[in-house]
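My structure is below; once you've seen it, I'll send some questions.
Taken together, the values in this text are just the output of simple stated rules run on the coordinates, not laboratory data. Since the model is a prediction, treat every value here as computed from it, not as a measurement. Reconstructed Cβ throughout: ideal geometry from the backbone, glycine too, with neighbour counts over all protein chains shown.
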Amino acid sequence: MCAAGSFGLRLVNEYGRRAPGPCPALIERGDKLSCGVIERPLDWLRGNRRGPSALRQAMSILVGAGLGCDEAGPAPTEADLSALDEVRVRFLRRFKAAEIEAAVRALHDRE
């Protein structure tokens, strides 16, 4: 399960940690995957005072939407680990620390 989903769904208490198993919000459409929290945030983040647009934006930042998958599975190869490093580099180039921190606060409904 991806770290952003684990944290956003409150399955872990620290951003960057991962819950075991597949993400309950993962949507499969043939060979494509998408994040249910991004598609239907109020279904997954009930009780959050922020609106769906703010939640969508926050989760999109945390998953690095459009940058590539940050999950390599249970037995990653060297090529998988190299690809993950590239995703991390693109993520850190695209988002500033303040944007990431704001996204974390939004998902956990903290001001």
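Please list, ordered by chain and number, the residues whose modelled amide H lies under 5 Å from the amide H of L26; skip anything fewer than 5 residues away on the same chain.
G36
Separate question: Roughly how many debye, to the nearest 20, is the charge dipole of the chain about its Cα centre, given +1 on each Lys and Arg Cβ, -1 on each Asp and Glu Cβ, and no other charges?
500
Mind grabbing the base-10 log of I(q)/I(0) for the stretch 30-110 at q = 0.15 Å⁻¹? Debye formula, identical points on the C-alpha positions, no solvent, two decimal places.
Log10 I(q)/I(0), no solvent term: -0.61.
Return the distance in nm (one decimal) between the two label points of a simple spin-label model at R29 and L92, each offset 7 Å from Cα along Cα→Cβ.
Output for this residue pair reads 3.3 nm.
Let me ask you something else. In the stretch 3-107, if the dipole is taken from +1 on Lys/Arg beta carbons and -1 on Asp/Glu beta carbons about the Cα centre, which of G64, G30, V104 is farthest to the positive end?
Towards the positive end, the residue furthest out is V104.
Expressed as a rounded percentage, what relative contact order does the chain have, with Cα pairs under 8 Å and six or more residues apart?
Relative contact order comes out at 25 percent.
If you build a Gaussian network model of the chain, linking Cα atoms that sit under 10 Å apart, which residue out of D43, D31, D80 swings the most?
D31
Counting helices only, and only those DSSP H runs with n ≥ 4, report the 222 nm mean residue ellipticity of the chain as the sum of -39,500 (n - 2.57) divided by its residues, in deg cm²/dmol to the nearest 500.
Only helices count here, giving -13500 deg cm²/dmol.
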